[in-house]
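Scroll down for the structure; my scribbles are underneath it.
Any read-out appearing in this document is the output of simple, stated calculations on the displayed coordinates, not a laboratory observation. Keep in mind the model is a prediction, meaning the values are calculated, not measured. Every residue, glycine among them, receives a Cβ derived from its backbone with ideal geometry; neighbour counts consider all protein chains shown.
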Amino acid sequence: MEREHKSQRDTLLIVDDMEINRIILRGMFEDEYNIMEAENGERALLLLQHYHTQIAAMLLDLVMPIKDGYQVMEEMGCADLFSQVPVIVITSEDSAESEVRSFDLGASDIIMKPFEPHVVKRRVRNVVELYRHKLHLEELVQEQSQSLRESNPIMIDALSAVIEYRSLESGQHI
């Protein structure tokens, strides 16, 4: 993804209590994105509250101190932040229960550790692109709805004028 094609959402939030994992992920993405890091879920939620309009995606570990990844996703759901920031879980929790719980809480994707850098980059890019398309479509729908709301009174006035012109008697009734 080239820098000039990016919208204002040009930041990845990397949330992991292990510094080495944050360093590896930062190295993979720092050429494409601005990087924010959090070492626990509580810090991640603070960053989300302040910078959610700039964050393209959050890479979230599940097992962390203070607040774990599940708690972060629960609070994001309560605050309706999933509609603004997609979450990609990156974890060593390799169980069907953790996958189901992550997806049920709102995760867009899950990547298991240890990870293949090329796969992580591609999956993150896919989630970010899909999310950007979704936001763009929502903006188009909003614009069309607004346009229709603005044109309805004009159309009603025009139809009324036509009816009144064609028949004074029916025009009075209408």
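I'd like to compare 152-158, 11-17: which one has the highest average count of other Cβ atoms within 10 Å, and what's the full order after that? List each step's numbers first, then the result.
On the way: 152-158: 9.9, 11-17: 23.9.
In decreasing order of mean packing, 152-158, 11-17 become 11-17, 152-158.
Once both axes come from the Cα atoms, what is the angle between helix 96-105 and the longest principal axis of the chain, in degrees from 0 to 90, rounded to 10?
So the helix axis and the longest Cα principal axis differ by about 40 degrees.
Quote the relative contact order of the chain in percent (integer), defining contacts as alpha-carbon pairs under 8 Å separated by 6+ residues. Could you put the intermediate results ahead of the total?
Working: 210 pairs, mean separation 28.6, N = 174.
About 16 percent, as a whole number.
What's the extension gain from Glu19 to Ser83 if we count 0.36 nm per residue and subtract their Cα-Cα distance? Don't jump to the answer; show the numbers that get you there.
Numbers: separation 64, 0.36 × 64 = 23.04 nm, distance 2.83 nm.
In short, 20.2 nm is gained.
For Lys134, list the aspartates and glutamates whose Cα falls under 15 Å from its own Cα; do not include residues on the same chain fewer than 8 positions away.
Glu143
Against the longest alpha carbon principal axis of the chain, how many degrees, from 0 to 90 and to the nearest 10, is the axis of helix 19-29 turned?
On a 0 to 90 degree scale, this one is about 50.
What does the C-alpha gyration tensor say about the overall shape of region 43-138? Classify as rounded when a/c is under 1.5, otherwise prolate if a/b is larger than b/c, or oblate.
Working: a/c = 1.63, a/b = 1.13, b/c = 1.44.
Judged from the Cα gyration tensor, region 43-138 comes out oblate (a/c at least 1.5, b/c at or above a/b).
For volume of the Cα convex hull per residue in Å³, one of [x] 202; [y] 123; [z] 161 was computed from the structure I shared and the rest are decoys. Which label?
From the options [x] 202; [y] 123; [z] 161, the structure gives [z].
If you plug each phi of region 130-137 into the Karplus form 6.51 cos²θ - 1.76 cosθ + 1.60 with θ = phi - 60°, what whole-Hz ³J(HN,Hα) values come out, in order, with x for Gly and Pro?
Calculated HN-Hα couplings, in order: 4, 5, 5, 5, 4, 4, 4, 5 Hz.
Can you pull the one-decimal nm distance between simple spin-label points at Ser147 and Ile111, each 7 Å off the Cα toward Cβ?
Simple spin-label model gives 3.8 nm for this pair.
Any aspartates and glutamates with Cα under 13 Å of the Lys121 Cα? List them, leaving off those in the same chain fewer than 8 positions away.
Those aspartates and glutamates meeting the cut-off are Glu30, Asp31, Glu32, Asp109, Glu129.
Evaluate E = 1/(1 + (r/R0)^6) for Ile154 and His133, where r is the Cβ-Cβ distance and R0 equals 35 Å; express this FRET efficiency to the nearest 0.05.
Numbers: r = 32 Å, r/R0 = 0.91.
Efficiency computed from Cβ-Cβ geometry: 0.65.
Compute the acute angle (0 to 90°) between the alpha-carbon long axis of helix 41-51 and the principal axis of greatest extent of the alpha-carbon atoms of the chain; round to the nearest 10°.
40 degrees
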